[in-house]
């Protein structure tokens, strides 16, 4: 891959904040951080524009498990969207609050609908959906034996 050198002008305050960001995140140089920031922004734009495409990602949220009927409503939402909610990690934070991280995949519109429904529940706080647009292909090929048809999910670049 060929690299192209570009020049960027920034005010001193922004450079100082960026240097703190580099140190906090452990970047070895500015170029690596700028590439990651550009990729993140382009990926977000692609995902926003590709509502009819497919994605993979994570939905994370904190909720108060004492909230009336909330645990039941969340479980029902997961079961209703079992084709989108692939796996869930449940963590007890304290006597009242839990964190759930859900691996999601599927048509972007359906994933967003599921996430919006979870985040909008009374008692759910700090909801965040992170998506990566993907290309989906059903394939049949051999991995050393007669493999059945299976799905390949390739992140878009």
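Bear in mind these aren't lab numbers, they're just calculated from the coordinates by the rules spelled out. This is a predicted model, so every value here is computed, not measured. Every residue, glycine as well, gets a Cβ built from its backbone with ideal geometry; the counts of neighbours run over all protein chains shown.
Paramagnetic label reach from residue 136 (point 7 Å along Cα→Cβ; backbone nitrogen cut-off under 20 Å): within the stretch 94-108, residues 102-108. Springs join every pair of Cα atoms under 10 Å in this Gaussian network model of the chain, and among 86, 38, 56 the largest mean-square fluctuation is at 38. Sequence-distant contacts, meaning Cα pairs under 8 Å at least 6 residues apart, place the relative contact order of the chain at 25 percent. Taking the chain as a Gaussian network of alpha-carbon nodes connected by springs under 10 Å, the highest mean-square fluctuation of the residues 76, 29, 64 belongs to 29. Test of understanding: extend the Cα→C-beta vector of residue 93 to 7 Å, then name every residue of the stretch 53-69 with backbone N under 11 Å from that spot. Output list for this probe position: 61-65. Subtracting the Cα-Cα distance of residue 75 and residue 128 from 0.36 nm times their residue separation leaves 17.3 nm of extension gain.
For the chain, what is the mean residue ellipticity at 222 nm derived from helices alone (per DSSP H run of n ≥ 4: -39500 (n - 2.57); sum divided by total residues; nearest 500 deg cm²/dmol)?
Values: 4 runs with 57 residues, N = 157.
Computed ellipticity for the chain at 222 nm equals -12000 deg cm²/dmol.
Only one item in [x] 0.95; [y] 1.43; [z] 1.07 matches Rg/Rh (Cα atoms, Kirkwood Rh) derived from the coordinates shown, and that item is [z].
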